[in-house]
Amino acid sequence: MNKRDINAPIKFNSKVDRLSLTKFYNRYKDELPEVVMKFKSPTFETSVGTTFTIQGEVESWVSDFDRDDIEAFVLTYRILTQRNDGASIGSIAKVYESSWVPEEARRCFGYARAQLNDYLDNHGTTIRCSQGNHSKREVIETFIYGGLAHTNDVKEQKFLSWTTNPAVAGMFWVEFMGALKHAMVYLLYFKDLNVALISQIPVCE
């Protein structure tokens with residue numbers, strides 16, 4: 001092993017440290033973002049027993065919403081998820097594949113990474129749209145690459161359709177913010193693994 005082998009974990013940890021200092025993370029690390037919904041001129045229809053339906057124009061928004069705080073978090077978060085970046089999860093994954101890495105460390109990293117991918121790909125939003133349910137990964141990538149960071153035309157159209165519709169805008173923002181908060185749990189875990197890996201293995205010139 002040489003010093004170049006640990007560049008990725010060191011860079012990764014530096015980015016995670018930056019995320020942990022953001023206003024967004026500290027605002028929501030111990031609580032979930034809340035969505036506020038308002039019905040305009042609602043009508044109530046009783047069905048069976050205590051069940052009833054509400055019809056009317058709906059507006060939704062996030063309580064104490066601060067887009068600047070979210071964008072500051074996203075600027076660093078996207079670095080950790082881009083495959084071609086030296087500080088990304090993909091870059092540290094290559095380190096954990098190295099022969100000098102203890103099997104236990106490799107196993108822990110692989111298991112946590114699989115759990116994160118499972119959450120992003122197989123857990124959908126609580127919002128049911130005509131297009132169907134959307135995965136957490138789709139929501140995160142739509143917000144980041146459709147409006148908050150680099151703009152992709154297809155993702156931008158989807159982002160605007162979600163965030164300019166008053167009925168669902170707040171709900172989609174909360175889904176996005178909640179997904180970032182959950183992903184941060186794994187980023188912090190990867191950081192702890194990196195710290196243990198770096199501290200226990202001697203570095204030679």
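The values are calculated or read from the model by the stated rules, or taken from the named source; none is laboratory data. Since the model is a prediction, treat every value here as computed from it, not as a measurement. So basically every Cβ, Gly included, is an ideal-geometry build from the backbone, and we count neighbours across all protein chains shown.
At-a-glance table
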quantity	calculated
Checking Phe39 against (1) within 23 Å of the chain's Cα centre (by Cα); (2) aromatic (Phe, Trp, Tyr); (3) modelled with pLDDT under 85, the condition it does not meet	(1)
Some residue of segment 106-120 being touching a strand residue (DSSP E or B) at 6+ places or on another chain (Cβ under 8 Å) and on the phi < 0 side of the Ramachandran plot	yes
Any hit, segment 176-184, residues being surrounded by fewer than 15 Cβ atoms within 10 Å (Cβ to Cβ) and either of a type in the set (Asp, Glu) or more than 20 Å from Val35 (Cα to Cα) (or both)	no
Residue pairs meeting the criteria (Cβ under 7 Å; at least 6 apart or on separate chains; first under 12 Å from Trp173 (Cα atoms), in segment 132-144; second of a type in the set (Val, Ile, Thr))	Val139/Thr125; Ile144/Val74
Pairs where the first residue, in segment 63-91, is over 11 Å from Ile144 (Cα atoms) and the second is of a type in the set (Gly, Ala, Ser) and not in a loop (DSSP other than H, G, I, E, B), C-beta under 7 Å, 6+ apart	Arg83/Gly90; Asp85/Ser91; Gly86/Ala8; Ala87/Ala8; Ser91/Ala8
Any hit, segment 175-183, residues being touching a strand residue (DSSP E or B) at 6+ places or on another chain (Cβ under 9 Å) and at positive phi	no
Criterion violated by Ala167 - all others in (1) in a helix (DSSP H, G or I); (2) out of contact with any helix residue (DSSP H, G or I) (no Cβ under 8 Å at 6 or more places or on another chain); (3) among the aliphatic types (A, V, I, L, M) satisfied	(1)
Odd one out for Asn152 among (1) buried (at least 20 other Cβ atoms within 10 Å of the Cβ); (2) polar (S, T, N, Q); (3) farther than 25 Å from Ser14 by Cβ	(1)
Residue match in segment 176-189 (condition: out of contact with any helix residue (DSSP H, G or I) (no Cβ under 7 Å at 6 or more places or on another chain) and β-branched (Val, Ile, Thr))	yes
Residues (at pLDDT 90 or above and crowded, with 18+ Cβ neighbours inside 10 Å) located in segment 155-168	Lys155, Lys158, Phe159, Trp162, Thr163
Positions within segment 126-152 being charged (D, E, K, R) and either at pLDDT below 90 or not in a helix (DSSP H, G or I) (or both), in sequence order	Arg128
Considering residues of segment 8-24 that are out of contact with any helix residue (DSSP H, G or I) (no Cβ under 6 Å at 6 or more places or on another chain) and assigned to a helix (DSSP H, G or I) only, the residue nearest to Asn194 (Cα to Cα)	Ile10
Qualifying residue in segment 108-125 (condition: surrounded by 13 or more Cβ atoms within 10 Å (Cβ to Cβ), in a helix (DSSP H, G or I) and among the β-branched types (Val, Ile, Thr))	no
